[in-house]
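The values are calculated or read from the model by the stated rules, or taken from the named source; none is laboratory data. Computed from a prediction, not measured in an experiment: that's the story for all the values here. Cβ placement follows ideal geometry from the backbone for every residue including glycine, while neighbour counts extend to all protein chains displayed.
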Ligand SMILES: Cc1cc2nc3c(=O)[nH]c(=O)nc-3n(C[C@H](O)[C@H](O)[C@H](O)COP(=O)(O)OP(=O)(O)OC[C@H]3O[C@@H](n4cnc5c(N)ncnc54)[C@H](O)[C@@H]3O)c2cc1C
Ligand SMILES: Cc1cc2nc3c(=O)[nH]c(=O)nc-3n(C[C@H](O)[C@H](O)[C@H](O)COP(=O)(O)OP(=O)(O)OC[C@H]3O[C@@H](n4cnc5c(N)ncnc54)[C@H](O)[C@@H]3O)c2cc1C
């Protein structure tokens, strides 16, 4: 196929898409990656646990990152590192900055796979002084695994998701003792195995229903104030390091600069099952869609997007109608979150659903106007980990109808 | 600083005021020393303000502040573009949200006229919303002050200090003056590393100007820090306001303002709460809640955007309403203290005032010829940034290697900041000189690389 596809972001999603596009015969596939090495976030996740569903192997983050980059290169994709896509030209071309200069790049289709980041302290509006020693997991892991510098001696880890346990392992590797892990939720949001392992290995103390309400310290963190959400009691906990984990936000700047509609709930581009955005020819995949899933999920989305891109280049159209699928509290978001008039089965045949709190009753109700579309259970409803909703559940949506709402169906409800 | 060091003029405090004074004096044949307690120039109140270049339309007529803000505006608005300090004349809209506030407009206009500022004009509600369509509902009217502007608070003191240093002023950092003694016709200042003798002493110690004034033998004013908390919204919210949105002042506060920044963000604040501790630059839950509530009223759409930064500045408020600006000829001492909420705007005029005062008091000032100001690297979003400058990248590829992705700061700029006349010495210094790590991710992506560059390139100096 004599076509050019540009991929922004050389993480698992972008690299997996590049590999698949080349395998499917797209002549020119160029991946733009702003870092010095491709691979995305896994480059600095030194622990095991990557590649299970996509590569059917268990790898460390760095090996997985290298493997993904090798596969893409071997398939014939061009990977341009140290190249940042900074914006869009008037005719949809990508604007680039790299040491070789300022340039524009025109493609027949574009995949945005720019990933996500953890919200920093400022975005979380945590009051107090501004001492050194407050960082996200991303920063922590780069300091420890890419630079090998010392970070502190006693840490408080904020958050209790998968990534929080990853932070714990990094801290331990760096010789930092974790004083406690704290979450506002009633329960941690990761595997029970991780929590038990952490308790046995590091003597981890997990505080639930606890909020970080202030940071104290002069040049270096000296203590944090943790407030018990049930009682309102505040306690000072001494530490010199605070790791702010999870609380993801998609890196949606480029999408937003391109005028692409963002979903209010995910903050990522609103996409349909084919991962098509509101802008013709532009697709999105990976953590950009909604924050962090595991790398294999992101990679499989990249592969799915590649197949839909090939279909699009072969003359498949762009939806005329895009209807938003909304969620109601305590649901947090769903992705894909657009019903298109030419429906496509989403990646892995499922929509991902998150809740803002643990919802014991996992029954959902999908309505459109006064029509009940579907009612049934979802595999999981909690913060920090997604449940899956089979594509068939939403198949009854009429894309030209009124707004779609998904809510937790109360046992006594309609 | 082991032996005693002699100089003609010793300026204490390298905030925007001290730097401006040091620069002004360094144009002359003088041995000038600028000492700063902190690790960097412009790292106290001068880095944490609302960064407006005020016209002085609302100052108290007849006050020294009114005169110097007006003169400072003239000087700085002309100087800034010459040396690369980003400034934009975006104009301010003073918005009334009630009929009661509307009734104050005539008095505000009258005050502006009394201050010699006549371009102020009243706008209809329709015209207000035409100019600011995202303003919250319920505005009753507005006054347009077309000349109010926004300026880079980081580059301004740095530019002054860079000129001073390149014109021969000696800059001592991490050098707090802890004692003062008048010995015959000169001063002896006690510093951690030794003593310094100077014929003239200038107090530009900001929040501690009262303490230094007492060390110099006076008892004239007391600084009560007035905390101001601010929230900076993501650059993606940049289009939400195009003017500075001011509130109608009340007896206790100037109110919360919303303004674009030269970096392309939107800023909201400050609060105004008197506190005791001059080092307490911590933010508070109550303060942030208040700013968020005001934001929801003034520009509600901002709530949909991420917060990029929260910061706190302490105004050097005193029991007097005006600047504490005096020259004591007999004792070779000048005080430029209590410069509460307009010091950035007035800085060059304060420096001019001090220079004139010293000349009047007998200091011989002989202008040096052929002095060139230092060109500052541009941090303003509306001006050409290196990452967009193809020619510059072609000449030096380091300007094409973006290191801080959110703020698009290149390797070349970081390198330059570490080699500048007043170089960055730590990550905070680098932030103020390049914007590195100042963006929405606050270092999630680039902290490790930036700190590595500080070590590598910094060590080579
Ligand atoms: C601490 C931590 C631990 C984790 N542990 C695991 C684990 O054990 N197992 C697992 O499966 N997953 C794990 N994950 C999740 C996994 O890393 C992510 O799911 C995966 O990296 C997502 O891939 P992505 O391609 O969507 O995004 P990313 O990996 O974030 O890649 C996005 C890429 O886009 C680039 N980019 C962004 N904008 C631009 C632009 N404008 N121009 C050029 N390039 C750009 C970025 O530099 C980046 O390289 C972990 C994540 C974290 C943070
Ligand atoms: C919230 C807020 C908003 C503001 N908004 C604006 C605005 O929009 N426009 C405007 O024009 N102005 C504004 N201001 C006012 C402006 O920021 C100040 O007037 C100005 O920064 C004062 O500068 P300075 O040099 O006097 O003080 P500082 O910047 O505080 O500098 C004083 C320096 O002296 C040093 N020092 C103190 N004691 C000693 C010692 N013993 N030895 C050595 N060094 C010492 C300190 O470390 C410090 O660096 C605002 C202020 C605040 C707090």
If I filter the stretch B:331-350 for residues that are away from ligand 2 (no atom under 16 Å from the Cβ), more than 17 Å from residue B:51 (Cα to Cα) and in contact (Cβ under 8 Å) with a residue 24 or more places away in the chain, do I get at least one hit? yes
Residue within the stretch B:184-202 that is touching a residue at least 40 places away in the same chain (Cβ under 8 Å), assigned to a loop (DSSP other than H, G, I, E, B) and in the same structural domain as residue B:325 (by TED's automatic domain parsing) present: yes
What single numbered condition from (1) more than 11 Å from chain B (Cβ to nearest Cβ); (2) touching a residue at least 40 places away in the same chain (Cβ under 8 Å); (3) buried (at least 22 other Cβ atoms within 10 Å of the Cβ) fails to hold for residue A:168? (2)
Which of the residues that make up the stretch A:145-165 are surrounded by fewer than 22 Cβ atoms within 10 Å (Cβ to Cβ) and in contact (Cβ under 8 Å) with a residue 40 or more places away in the chain? A:145, A:146, A:151, A:152, A:153, A:154, A:162
Go through (1) crowded, with 22+ Cβ neighbours inside 10 Å; (2) under 28 Å from residue A:313 (Cα atoms); (3) within 20 Å of the chain's Cα centre (by Cα) one by one and return the number of the condition residue A:44 breaks. (2)
Counting only residues that are touching a residue at least 40 places away in the same chain (Cβ under 8 Å) and touching a helix residue (DSSP H, G or I) at 6+ places or on another chain (Cβ under 8 Å), the stretch A:99-129 contains a total of 11
For the stretch A:95-107, which positions are more than 14 Å from chain B (Cβ to nearest Cβ) and buried (at least 17 other Cβ atoms within 10 Å of the Cβ)? A:105, A:107
Output the number of the condition that residue B:421 fails; it satisfies all remaining conditions of (1) at pLDDT 95 or above; (2) more than 19 Å from residue B:80 (Cβ to Cβ); (3) away from every other protein chain (no Cβ under 14 Å). (2)
Just a yes or no: is a residue in the stretch B:271-280 surrounded by 24 or more Cβ atoms within 10 Å (Cβ to Cβ), modelled with pLDDT of 95 or more and either within 14 Å of chain A (Cβ to nearest Cβ) or in contact with a strand residue (DSSP E or B) (Cβ under 6 Å, 6 or more places away or on another chain) (or both)? no
Taking the conditions exactly as written (within 12 Å of ligand 2 (Cβ to nearest atom) and within 19 Å of residue B:17 (Cβ to Cβ)), does residue B:163 satisfy them or not? no
Those residues of the stretch A:318-346 which are closer than 17 Å to residue A:301 by Cα and surrounded by fewer than 16 Cβ atoms within 10 Å (Cβ to Cβ) amount to A:345
Lone qualifier among B:353, B:387 - being crowded, with 21+ Cβ neighbours inside 10 Å, free of Cβ contacts under 8 Å to residues at least 24 places away in the same chain and in a helix (DSSP H, G or I): B:387
Can you list the strands (runs of 3 or more DSSP E) lying wholly within the stretch A:222-297 that have 2 or more residues being within 23 Å of residue A:168 (Cα to Cα) and either within 12 Å of ligand 1 (Cβ to nearest atom) or within 14 Å of chain B (Cβ to nearest Cβ) (or both)? A:241-244, A:248-250
Residue A:147 versus (1) touching a helix residue (DSSP H, G or I) at 6+ places or on another chain (Cβ under 9 Å); (2) modelled with pLDDT under 95; (3) on the phi > 0 side of the Ramachandran plot: which is the lone unmet condition? (3)
Scanning the stretch A:81-94 for residues that are more than 22 Å from the chain's Cα centre (by Cα) and either within 16 Å of ligand 2 (Cβ to nearest atom) or surrounded by fewer than 19 Cβ atoms within 10 Å (Cβ to Cβ) (or both) gives A:89, A:90, A:91, A:92, A:93
Hey, residue A:195 hits all of (1) assigned to a loop (DSSP other than H, G, I, E, B); (2) more than 13 Å from chain B (Cβ to nearest Cβ); (3) under 27 Å from the mean Cα position of the chain (by Cα) but one; which does it fall short on? (1)
What pairs can you find where one residue is in the stretch B:116-134 and surrounded by 14 or more Cβ atoms within 10 Å (Cβ to Cβ), the other is in a helix (DSSP H, G or I), and their Cβ atoms are less than 6 Å apart, with a gap of 6+ or different chains? B:120/B:109; B:120/B:112; B:134/B:240; B:134/B:301
